[in-house]
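The values are calculated or read from the model by the stated rules, or taken from the named source; none is laboratory data. Note that this is a predicted model, so its numbers are computed, not measured. Remember, those area values only see protein heavy atoms, side chains included, never the ligands or the DNA or RNA. Shrake-Rupley method; radii C 1.70, N 1.55, O 1.52, S 1.80 Å.
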Amino acid sequence: MSSQEEILSDGRFSCVTRDPRFWEMPEKERKIKIDKRFRAMFYDKKFKLKYTVDKRGRPVNYTSTEDLRKFYALSESDSDLSENDSKEHTEKKKKKKKAKPKGEADS
């Protein structure tokens, strides 16, 4: 018998399996719903931090936007809007990048 099974079969801890305080939280309820007003935090540079080491000094390579996506989700009604807005946002960036070299070549 594994230690987990021994704990669950022990009479002293049998109430733990039936107590809702110890149940795992559902995936839908785990993330906080974000309104469309705050959807910019997923792609805005102000909210993006690049980490090179973790809290123990080990090298890592991730940004704070990954944490934002881990803990926050767009509300159901705004999720369709956010996908369209993110596409428009990337298209605007591409247009700006393409427009700059043309302007620099003329001057």
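Between V16 and R69, what length comes free when the chain is fully extended (0.36 nm per residue of separation minus the Cα-Cα distance, one decimal in nm)? It would help to have the intermediate numbers written out before the result.
Numbers: separation 53, 0.36 × 53 = 19.08 nm, distance 3.13 nm.
Full-extension gain reported as 15.9 nm.
Could you do me a favour and compute the accessible area per residue for region 26-78, 1.4 Å probe, result in Å²?
Counting only protein heavy atoms, the per-residue value for region 26-78 is 85 Å².
When the chain is fully extended, how far beyond the present Cα-Cα distance does W23 get from A40, taking 0.36 nm per residue of separation?
Difference between extended and current length: 2.8 nm.
Which value, in Å² rounded to 10, gives the accessible area of D35 with a 1.4 Å probe and all protein chains present?
Spelled out: D35, probe radius 1.4 Å, area about 60 Å².
Using a 1.4 Å probe and ignoring any ligands, DNA or RNA, find the accessible area of I32 and quote it in Å² to the nearest 10.
100 Å²
Checking the table K36/K70; K28/K70; K28/K48; K45/K70 against a 22 Å threshold on Cα-Cα, which pairs fail?
Pairs exceeding the cut-off: K28/K48.
In percent, what relative contact order does region 1-75 have, based on Cα pairs under 8 Å that are 6 or more apart in sequence?
Computed over region 1-75, the figure is 30 percent.
Rank these by accessible area, largest first, 1.4 Å probe: T65, T17.
T17, T65
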